[in-house]
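Q: Quick one: structure below, then a few questions.
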Amino acid sequence: MVTDGLGRRVVIGRPPRRIVAIFASNTEMLAAIGALDRVVGVEAYTRFPPEVQGLPLVGGRLGFSAEAIARLEADLVVMTPARNAAHALTEPMTRIGVPTLVVTHRDLPQIFANLRLLGLATGQEAVAEALVARLEARLDAVRTRLAGRVPVRVFMETSSTGRGVYGTIRPGSYSFDAARLAGGESVFPELSPNGPPLVSGEAILRADPAFYLVAGRPDQAAEVPRRTGFAALSALRAGRVHVVSRAQFLIPGPRVVDGVESLARLLHGEAA
């Protein structure tokens, strides 16, 4: 029996052999602990690792299919409480005797806790513990190298509405934790941890970050200087508009540690 992210006591009689993983982060974590060969179904937006391409799909943007999961003869469903997945699937899966494990990932420590939880649920405890130890050691190494250095003021753009409003990282999130551990300091440290993490272009101009980070594609970063007034930003005048990996900062899995290391090198150069 394990306790999931919603505080539910979940009985898993034996290590599962046919797992449906809903959302990319859960598939990545299962792969990282050596359970990818047991994953028999995913949702439509899972792209990593490449081995999942071609697996049966059990849903996507419009919802998830309990019937599709049942046809796969799943003996465990791992999901995150997003896009109504937990509400739509836990009850029907319970009715047919398939355990469901809901994981939450508010901050970086919780990602590590999720790896341990999935290790326990799949009989891969030793692999999960060893993985977490390696990830934590890598973060400790970054902390050591950056000790005493002044944090760099950054803005990380995670989305754009096209109407002068931009998504960013917020306190209490694993993305915020990753930027902080990399020696960055968000120029919006007071955003509500519960509200939508959106800021206006005018607010960005007032905050005047030293680095402008775009979690996305190069063409999205190339658009930044063309926005009204943005050419005056310190980051743009210094040529410090950079693309960072969405997979490393916006998918709550082991690759977040890769993001910390790469961002530390970007912000602090040789010191990192």
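Q: Probe radius 1.4 Å, ligands and nucleic acids ignored: give me the carbon and sulfur share of the accessible area of the stretch 1-100 as a rounded percent.
A: Answer for the stretch 1-100 is 53 percent, counting heavy atoms of protein chains only.
Q: Let me check I've understood the local charge: for residue 193, count other residues with C-beta under 9 angstrom from its C-beta, Lys and Arg +1, Asp and Glu -1. What total comes out?
A: Around residue 193, the surrounding residues sum to +2.
Q: Next up: With springs connecting C-alpha atoms under 10 Å apart, model the chain as a Gaussian network and identify which of 85, 222, 210 has the largest mean-square fluctuation.
A: Looking only at 85, 222, 210, the largest GNM fluctuation is found for 222.
Q: Against the longest alpha carbon principal axis of the chain, how many degrees, from 0 to 90 and to the nearest 10, is the axis of helix 255-268 turned?
A: Helix 255-268 and the main axis of the chain meet at about 10 degrees.
Q: Determine Rg/Rh for the chain; Rg is computed over alpha-carbon atoms and Rh is the Kirkwood hydrodynamic estimate from the same atoms.
A: Value, to two decimals: 1.01.
Q: Based on the Cα coordinates of the stretch 22-177, what is the per residue volume of their convex hull in Å³?
A: Per-residue hull volume (Cα only) is 140 Å³.
Q: Given +1 on the Cβ of Lys and Arg, -1 on the Cβ of Asp and Glu, and no further charges, what dipole in debye does the stretch 43-178 carry about its Cα centre, rounded to the nearest 20?
A: 680
Q: Count the DSSP beta bridges whose two residues both fall in the chain, then state the antiparallel fraction as a percent rounded to the nearest 5.
A: Counting only bridges with both partners in the chain, antiparallel ones make up about 30 percent.
Q: Measure nothing but the geometry: give the 0 to 90° angle between the long axis through the Cα atoms of 125-146 and the longest principal axis through the Cα atoms of the chain, rounded to 10°.
A: 10
Q: Further, regarding this structure: Residue farthest toward the positive end of the dipole of the stretch 75-197, with Cβ of Lys/Arg at +1 and Asp/Glu at -1: which of 80, 146, 126?
A: After comparing all options, I get 146.
Q: About its Cα centre, how strong a charge dipole does the chain have in debye, to the nearest 20, once Lys and Arg get +1 and Asp and Glu get -1 at the Cβ?
A: 300
Q: Could you work out the helix-only [θ] at 222 nm for the chain, with each DSSP H run of four or more residues adding -39,500 (n - 2.57) and the total divided by the number of residues, to the nearest 500 deg cm²/dmol?
A: -11500 deg cm²/dmol
Q: Now a separate question. Does the stretch 213-272 come out rounded, prolate or oblate, given a ≥ b ≥ c as the square roots of the eigenvalues of its C-alpha gyration tensor, rounded meaning a/c under 1.5 and, failing that, prolate meaning a/b above b/c?
A: Since a/c reaches 1.5 but b/c is at least a/b, the shape of the stretch 213-272 is classed as oblate.
Q: Over the stretch 171-272, give the accessible area per residue in Å² for a 1.4 Å probe, as an integer.
A: Roughly 45 Å² per residue, with all protein chains present.
Q: Please report, for the Cα atoms of the stretch 138-272, the Rg to one decimal and the Dmax as a whole number; what are they, in angstrom?
A: 14.0, 41
Q: Another question, then. Starting from the coordinates of the alpha-carbon atoms of the stretch 139-180, obtain the Kirkwood hydrodynamic radius over all distinct pairs and give the value in Å to one decimal.
A: For the stretch 139-180, inverting the mean 1/r across all distinct Cα pairs yields 12.3 Å.
Q: Taking the alpha-carbon centroid of each part, what is the distance from the stretch 223-265 to the stretch 112-153 in angstrom?
A: When both Cα centres are located, 23 Å separates them.
Q: Is the shape of the stretch 105-154 best called rounded, prolate or oblate, per the rule: a/c under 1.5 gives rounded, else a/b larger than b/c gives prolate, else oblate, with a ≥ b ≥ c the square roots of the Cα gyration tensor eigenvalues?
A: Oblate shape, in that a/c is at least 1.5 and b/c is the bigger or equal ratio.
The values are calculated or read from the model by the stated rules, or taken from the named source; none is laboratory data. None of the values given here were measured: they were computed from a predicted structure. So basically every Cβ, Gly included, is an ideal-geometry build from the backbone, and we count neighbours across all protein chains shown. Ligands, DNA and RNA are stripped out before the accessible areas are found, and what is left, the full protein with its side chains, is counted by its heavy atoms. Shrake-Rupley method; radii C 1.70, N 1.55, O 1.52, S 1.80 Å.
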